[in-house]
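Notes for the one structure printed next.
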Amino acid sequence: MIAVVSYGVCNLGSMLNMLRKINVEACEASTPAAIEKAEKIVLPGIGAFDNGIKALNALGLAEPLRDRVVNGKVPILGVCLGMQLLGTGSEEGVQAGLGLIQGGCVKLRPPEGVGVKIPHMGWNTVHPKKAGPLLEKLDAPRFYFVHSYHLLCKDPTDVLATAHYGMDFTVMVQRGNIYGAQFHPEKSHRYGMTLLGNFAGV
Amino acid sequence: MHIARIIPCLLLKNGGLVKTVRFKKDRYVGDPINAVRIFNEKEVDELVFLDTSATSAGNGPNFRLLEDIASEAFMPFGYGGGITTLEQIRRLYSLGVEKIVINTAATNPGLVSDAAGLAGSSSVVVSIDARRGLFGKYSVYVEGGRRDLKTDPVSYARDMEKRGAGEILLNAIDRDGVMEGYDLELIRRVSEAVSVPVVAVGGAGSLKHFREAVEHGASAAAAGSMFVFHGKHKAVLITYPKYDEMRKLFE
């Protein structure tokens, strides 16, 4: 059973639909109690960084999430803003992140003259930087992205995959039981199904 | 590698899929859920559904149908038609609609910014239906192309971006269903004026047209007829280019 964190900053319809499609049991988790007994956690999210972290704090979820992941060693997958929240903070706001991955988020700044618009919106290929369970059975994977900021890992060994959009940047992280994906696997056809299936199996 | 999105733009009317020519003469082309399943198999980049009956009849969105579509759509999808309130928008997001598309109701000054405040700009699309007048001047139309706002699409698009639109769906009414190419001048003007992505729609008949739209500044190209009709007799057949074809197209 995957607990999908419900904290009001995004709707969970797409994620729950996709998990149902691949026959993975999932439930919404919006209380500390639900997080404390979660066996596996998906942290989705869209919108601004500070809104996200404030919403987690307002429901009292940030501390139980950290505890469950650090001490309980429960696998967590942060998706889109959810991945950014795993870090220590963001240029987009002033709030501290969950601090599960060392490094903060910065705005996508492709070099001038490459002529790409921000946000990075649409499909892009993803290039693995190390072996990890999430990218198994995925050949030349591509995923759907919508974002203007990206996570900059302090420890380069945390980088699981990168993509290129005017510049190279980190789009997946893994540190032990902590995983993040900047793109939307729940909206990425068979690539997303495989990735979420891999997460369900870790 | 990032390539421009190619988006089927599908029209709903009373629960069925239709296709129009210049916003008129709608022809039934099939069942929307079936179409979504086929587009899943074809690994389509994104889908947009516009419900023409939701607007003209003064009805709100058909939530039941959209819930069915959302449960089958494993790609991002947008919905427009009959959206007038923030409550409807909230409900659409909660069903799993990624992007809401506002056309007529964008003339209500608060709705676009309220929607952007709810889920961020990238979930809010303003669709602009434009038509070129007798003397070559463009104007924005609402209410399914029936009411002329007597406003230039360039300033209108800028205004919508300011209010929080994260994307502009730019439709050339007189190109709709004609399949002879996009209105490239319109695309160039609006794309230059705003920093948010512009999705061109209206006129696509071949892959070459997609490339032209992107060369003129569009971030994505949408089409209707091209993905639902086949051959010169326009038999109904759902198609979508293969990823390799699209990659080559934009190389």
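Odds and ends about this structure:
- Spin-label proximity, B:R64 to segment B:12-52 - amide N less than 14 Å from point 7 Å beyond Cα toward beta carbon: B:14-16
- Residue exposure sequence - A:C153, B:C9, A:C80 - by fewest surrounding Cβ within 10 Å: A:C153, A:C80, B:C9
- All distinct Cα pairs of chain B go into the 1/r average, and the inverse of that average, the Kirkwood radius, is 17.8 Å.
- Summing charges over neighbours of B:E98, with a neighbour being any other residue whose Cβ is under 15 Å away from its Cβ, gives -1 when K and R count +1 and D and E count -1.
- Electrostatic bookkeeping for B:S195 treats Lys and Arg as +1 and Asp and Glu as -1; over the other residues with beta carbon under 9 Å from its beta carbon, the sum is 0.
- Farthest toward positive dipole pole in segment B:155-199 [+1 Lys/Arg, -1 Asp/Glu at C-beta], among B:L170, B:Y182, B:V194: B:V194
- Expected 222 nm ellipticity per residue - DSSP helices of 4 or more, -39500 (n - 2.57), all of chain A, to 500: -7000 deg cm²/dmol
- GNM flexibility winner over chain A from A:A34, A:A55, A:A140 (Cα, springs under 10 Å): A:A140
- Cα-derived Rg over Rh, computed across segment B:1-84 with Rh taken as Kirkwood radius: 0.97
- Volume per residue that the Cα convex hull of segment A:111-202 spans, once the total is divided by residue count, Å³: 94
- Counted over segment B:100-225, the DSSP beta bridges are approximately 30% antiparallel.
- Each residue of chain A gets 103 Å³ once the volume of the Cα convex hull is shared out per residue.
- Proxy reagent accessibility, fewest Cβ within 10 Å first, across A:V202, B:V124: A:V202, B:V124
- Euclidean distance of C-alpha centroids, segment A:130-189 and segment B:23-44, integer Å: 32
- Taking a ≥ b ≥ c as the square roots of the eigenvalues of the alpha-carbon gyration tensor, the protein assembly as shown is classed prolate because a/c is 1.5 or more and a/b outweighs b/c.
- The calculated 222 nm mean residue ellipticity attributable to helices in chain B amounts to -10000 deg cm²/dmol, summing -39500 (n - 2.57) over DSSP H runs of n ≥ 4 and dividing by all residues.
- Cα-derived Rg over Rh, computed across segment A:36-98 with Rh taken as Kirkwood radius: 0.95
- Here segment B:206-247 and segment B:166-195 have alpha carbon centers that stand 15 Å from each other.
- Cα centroid separation, segment B:62-100 to segment A:1-47 (Å): 19
- Taking every DSSP bridge with both residues inside chain A, close to 60 percent are antiparallel.
- Shown here: segment B:27-155, whose C-alpha atoms stretch 45, 35, 28 Å along the first, second and third principal axes, sorted largest to smallest.
- Likely footprinting exposure, A:H184, B:H216, fewest C-beta neighbours within 10 Å first: B:H216, A:H184
A short reminder: the numbers here are calculations on the coordinates, not readings from a lab. Here the structure is a predicted model, which is why all the values come from computation and not from measurement. FYI the Cβ positions are ideal-geometry reconstructions off the backbone, even for glycines, and counts take in every protein chain you see.
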